[in-house]
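Visitor: I have a structure I would like to understand better, so I am pasting it below and will then ask my questions one at a time.
What follows draws every value from the coordinates through simple rules; no lab data is involved. Since the structure is predicted, the reported quantities are computational estimates derived from the model, not experimental observations. Cβ atoms come from the backbone with ideal geometry, glycine included; neighbour counts cover every protein chain shown.
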Amino acid sequence: MFEKNVYIERRRTLLGKMREAGAQGILLFIGNAEAPAQYKDNCYKFRQDSTWLYFFGLDEPMMAAVIDLESGDETLFADDVEIGDIIWMGPQPSVRSKAESVGIAGSEPYAGVDKCVKAAVKAGRPVHYIAPSRYFNKLRLMEMLGRYRVEAGVSLLMTESIISMRLVKEDVEIAAIDEACALGYEMHSVARDSIVPGIVEQEIVGKMEGVTLAKGWGVSFPTILTQHGETLHNHLHDKVIEPGKLMVIDAGAESNQHYASDFTRTYPTSGKFTQKQREIYQIVCDCNEYAFSLTRPGITYREVHLATARKMLEGLSALGLVHGDLDEMVREGIAGLFQPHGLGHNMGLDVHDMEDLGENLVGYDKDQTRAKQLGLGSLRMARRLVPGHVITDEPGIYFIPALIDKWKAEGTGKAFVNFDRLASYYDFGGIRLEDDVLVTETGARRLGPNRLPISPDDVEAAMAR
Ligand code: GLY
Ligand code: MN
C-alpha cells in the first residue's frame with residue numbers, strides 16, 4: 001500500500017471532478033469477493049479490483065465504500081472477524097483501523113452498503129458506479145439497485161473521471177511499475193537462459209513464473225510461451241523444444257503492489273537465427289525502436305502505430321514480400337496481414353489498464369474513432385500522449401497460414417502482397433518484441449532498470465552465455 005495521503009488525495013480529486021461537473025448523489029465502489037475454484041473454501045488466489053485498489057488500497061475481499069457527493073462523507077463497509085474466522089485466519093485488524101489506514105472516517109458492517117444504496121435510490125438520489133469487472137459485483141449491484149440491466153446505469157462521468165486519473169501515472173506508481181518491470185526482466189532472463197532443445201515448453205514456464213511468485217504477486221496475465229508465435233495469444237506450453245524454431249515469450253510480473261509489467265522477446269531455439277529469421281526479426285526490432293523514437297507528448301499513439309506500420313511495410317518490401325506505394329499500403333491496411341494487432345496498450349494496475357471500464361473509453365480520445373481495419377482496429381491505445389502515460393511498444397510480424405490463405409482466396413491486398421513468395425513462410429511462426437514505456441515531459445523512457453537484449457546480435461550473445 002502507498003501512504004494514506006495518496007488515497008485521500010485521489011478520492012478528493014475524484015470528488016472534485018464529479019462536483020465540478022454538477023454531479024449529485026453518491027459514489028458507490030464495490031471491492032472483489034473470493035472466487036471459488038471448486039467449492040467455497042477452495043478459491044482462486046484473491047485479486048482485488050484495481051479501481052478499488054487505486055482509491056482505497058485495502059487488499060481484502062468483501063468490502064464496499066460510499067462517498068456522499070453532497071456532504072463529502074466517506075464510509076467503508078466491511079465486517080470485523082469473529083472467533084470462527086480467527087480460528088482459521090488468525091487475528092485481524094479491526095475494520096475501523098483499516099478505514100483509518102487509508103484516511104476514511106466512517107465504517108459500518110458490510111450489510112450497511114445495501115441499506116445505504118437502497119436509501120439513496122428511495123430518496124431519488126443518483127447512485128454513480130462503474131462497470132463491474134466481475135459477475136459477483138454485477139450481482140451485488142443488481143441486488144442493491146433492484147434492477148437487472150445494471151450496465152445501462154453505469155455512470156459515464158464517474159468512469160471518465162477515474163480513467164482521466166488512472167491514465168496519468170503518479171510518481172509513486174511509476175516507481176511501482178519500474179519494480180514490476182525489474183521482476184519481469186528477471187523472469188525473462190531466466191526463461192531465455194532455460195531454452196534448450198529437447199525439453200518441454202512448460203518447464204520454462206514453471207521456472208519463469210517461479211521468479212515472480214517468489215518475489216511478487218504472480219504473473220500479470222497468463223504466460224504466452226510458444227514455438228507457434230503466429231498464434232498471438234498461444235497458452236499451450238506442451239511442445240518439445242525443437243532446434244531451428246522461433247520461440248515467442250510474452251510474459252509479465254504483477255508486483256505485490258499489484259502493478260504490472262509486460263515484455264515480449266522472441267528467441268531462436270538453437271541460439272542463433274537463421275538468415276531468414278534474422279531478416280524478419282530485424283524488421284520487427286527496427287519497428288520497436290522506431291515506435292519508441294516517435295513516442296513523446298503531443299503525438300497520438302495512433303500516429304505512432306501507423307508510422308510503425310509504414311516502417312514494417314518498408315522492410316517487407318525490401319524482402320519482396322509486398323510491393324507498391326508505402327502510404328497507399330498503410331491506407332489499405334496491408335500491414336494487418338502481418339501484424340493483426342495494435343502497437344500497444346495502456347498498462348498500470350492492469351496489464352491492459354482499465355479495459356474493464358471500456359476499451360474505447362480508455363484508449364481513445366473523444367475526437368478519435370476506432371477503425372475497423374485488421375490490425376489498426378485492434379489498437380487499444382490511440383490517444384494523444386501526455387507525460388505520465390504508460391504504454392507498451394509491441395510490434396510483431398506473424399505468418400498466419402489461415403489468414404494468408406483467406407486474403408489470397410478473397411483477393412484482399414492482391415495489388416500489394418506477393419503471395420507466391422509468402423508460400424515459403426507458412427512454417428515460419430511469429431516474432432513480437434515488446435517494451436514498457438513511460439511518456440515523459442520531453443519524450444519517453446523505457447521502464448525497468450534494465451532492458452532485455454533485443455538486437456539480434458545481443459540476443460545471440462546473451463543466449464551463448
Ligand atoms: N501481453 C499480452 C497482451 O498485451 O495482449
Ligand atoms: Mn502487451
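Visitor: Looking at the stretch 392-413, which of its residues are of a type in the set (Lys, Arg) and touching a helix residue (DSSP H, G or I) at 6+ places or on another chain (Cβ under 8 Å)?
Guide: Listed by number, the list holds a single entry, 408.
Visitor: Okay, next question. Pick from the stretch 252-275 the residues that are more than 17 Å from the chain's Cα centre (by Cα) and more than 15 Å from residue 455 (Cα to Cα): which of them is farthest from ligand 2 (Cβ to nearest atom)?
Guide: Checking each candidate, the answer is 270.
Visitor: Within the stretch 15-67, work out how many residues are crowded, with 16+ Cβ neighbours inside 10 Å and basic (Lys, Arg).
Guide: 2
For (1) of a type in the set (A, V, I, L, M); (2) touching a residue at least 12 places away in the same chain (Cβ under 8 Å), each residue gets a yes or a no:
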position	(1), (2)
341	no, yes
344	no, yes
353	no, yes
356	no, yes
368	no, yes
375	no, yes
391	yes, yes
402	yes, no
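Visitor: Name the residue, out of 388, 375, that is within 21 Å of the chain's Cα centre (by Cα) and within 17 Å of residue 322 (Cα to Cα).
Guide: 375 is the lone residue from the list that is within 21 Å of the chain's Cα centre (by Cα) and within 17 Å of residue 322 (Cα to Cα).
Visitor: Now, a different point. Let me confirm something: among 382, 462, which residue is surrounded by fewer than 21 Cβ atoms within 10 Å (Cβ to Cβ), in contact (Cβ under 8 Å) with a residue 12 or more places away in the chain and of a type in the set (A, V, I, L, M, F, W, C)?
Guide: Within the list 382, 462, the selection yields 462.
Visitor: While we're looking at this one, here's another question. Select from the stretch 328-348 the residues that are surrounded by fewer than 24 Cβ atoms within 10 Å (Cβ to Cβ) and aliphatic (A, V, I, L, M) and list them in ascending order.
Guide: Answer for the stretch 328-348, where residues must be surrounded by fewer than 24 Cβ atoms within 10 Å (Cβ to Cβ) and aliphatic (A, V, I, L, M): just 330.
Okay, residues lined up against (1) closer than 18 Å to residue 416 by Cβ; (2) not charged (D, E, K, R):
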site: 324; (1), (2): yes, yes
site: 341; (1), (2): no, yes
site: 347; (1), (2): no, yes
site: 351; (1), (2): no, yes
site: 369; (1), (2): no, yes
site: 384; (1), (2): no, no
site: 394; (1), (2): no, no
site: 398; (1), (2): yes, yes
site: 403; (1), (2): yes, yes
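Visitor: Which members of the stretch 106-135 meet the condition of being of a type in the set (Lys, Arg) and either touching a helix residue (DSSP H, G or I) at 6+ places or on another chain (Cβ under 8 Å) or free of Cβ contacts under 8 Å to residues at least 60 places away in the same chain (or both)?
Guide: Hits for the stretch 106-135 are 115, 118, 122.
Visitor: From the list 84, 103, exactly one residue is of a type outside the set (A, V, I, L, M), in contact (Cβ under 8 Å) with a residue 24 or more places away in the chain and over 23 Å from residue 353 (Cα atoms). Which is it?
Guide: Exactly one of 84, 103 is of a type outside the set (A, V, I, L, M), in contact (Cβ under 8 Å) with a residue 24 or more places away in the chain and over 23 Å from residue 353 (Cα atoms), namely 103.
Visitor: Okay, next question. State which residue is farthest from ligand 1 (Cβ to nearest atom) when the search covers only the stretch 211-230 and only residues that are outside any loop (DSSP other than H, G, I, E, B), in contact (Cβ under 8 Å) with a residue 12 or more places away in the chain and over 20 Å from residue 343 (Cα atoms).
Guide: Per the criteria, the residue is 215.
Visitor: Helices (runs of 4 or more DSSP H) wholly in the stretch 68-136 with at least 2 residues that are buried (at least 18 other Cβ atoms within 10 Å of the Cβ) - which ones?
Guide: In the stretch 68-136, 95-101, 112-122 are the helices (runs of 4 or more DSSP H) which contain 2 or more residues that are buried (at least 18 other Cβ atoms within 10 Å of the Cβ).
Visitor: Within the stretch 228-251, work out how many residues are away from ligand 2 (no atom under 16 Å from the Cβ) and surrounded by fewer than 20 Cβ atoms within 10 Å (Cβ to Cβ).
Guide: 10
Visitor: Applying the selection to the stretch 231-246, what residues are within 15 Å of ligand 1 (Cβ to nearest atom) and touching a residue at least 40 places away in the same chain (Cβ under 8 Å)?
Guide: 231, 232
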